[in-house]
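Enquirer: Got a structure for you, questions after.
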Amino acid sequence: MNRSESRYFATAARMDEAFLTLLAKKDFEYITVKEICEVAGVNRSTFYLHYETMSDLLLESVSRMNEQFLACMEKDSDAFSAKLRNCPRDELYLITPDYLTPYLSYIKNNKRLFRTATENAAVLGMDKSYDRMFRHVFTPILDRYGVLQQDRPYIMAFYIRGLMAIISEWLKNDCADSITFVTGVIQQCVKMPQSETTNAV
């Protein structure tokens, strides 16, 4: 990375931090480009060099936080996948507490950002973001159940959108319910019924 590129990304990082600082104090719809620029110490032309709209800045902030979470989780991904492949069938959930607890904690700690993101999910394409977040969890479990490859996109779409709906409802309630409670609700919704998996591998 040359010096010009370094300055470009450093400026973007300052605006991102300014956005998160303001978001901790007020709702997204009340944050202006002028405020972002004042807090970040840049001018309006610099903002528009990086982003076309405030929604672009929101998307970048959410993407950055999801990347940070994935980087953290992927450190233990091999052990996590091995556990999914080897645990007893009656303990096999499509989403486990080992994954949900840190992710829900992460959301709760950044609830204003994620609430704003879910409220603008269609614009931001959040379904694609969640698809990436949970794909490496679903894949070994669908392998265990012997689910056909042609069926998997539909099954994953069903579960991912359901997860998004539960998390969105939790955020609407300001994450008032405990993480343990929300984890239990999600597991009730996504555990594969044994009657449907009798012949699975």
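Each reported figure results from applying straightforward, stated rules to the coordinates on display, with no laboratory input. No experiment lies behind these values; they were computed from the predicted model shown. Heads up, the Cβs are rebuilt from the backbone with ideal geometry, glycines too, and the neighbour counts pull from every protein chain shown.
Enquirer: Sorted by average packing, counted as other Cβ atoms within 10 angstrom per residue and highest first, what order do 113-120, 12-19, 176-183, 143-150 take? Kindly include the intermediate steps, with their values, before the conclusion.
Expert: Numbers: 113-120: 20.5, 12-19: 18.2, 176-183: 14.1, 143-150: 12.4.
Top to bottom by mean Cβ count within 10 Å: 113-120, 12-19, 176-183, 143-150.
Enquirer: Calculate, in nm to one decimal, what Glu67 and Tyr154 gain on full extension: separation in residues at 0.36 nm each, minus their alpha carbon distance.
Expert: So the extension gain works out to 28.8 nm.
Enquirer: Which percent of Cα pairs goes in each bin when the distances of the range 3-50 are cut into 10 angstrom slices starting at zero?
Expert: Bins of 10 Å from zero give 28, 54, 16, 2 percent of pairs.
Enquirer: Whole-Hz ³J(HN,Hα) for each residue in the range 15-21, computed from phi via Karplus 6.51 cos²θ - 1.76 cosθ + 1.60 with θ = phi - 60°, x for glycine and proline: what do you get?
Expert: After applying 6.51 cos²θ - 1.76 cosθ + 1.60, I find 5, 4, 5, 4, 4, 5, 4 Hz.
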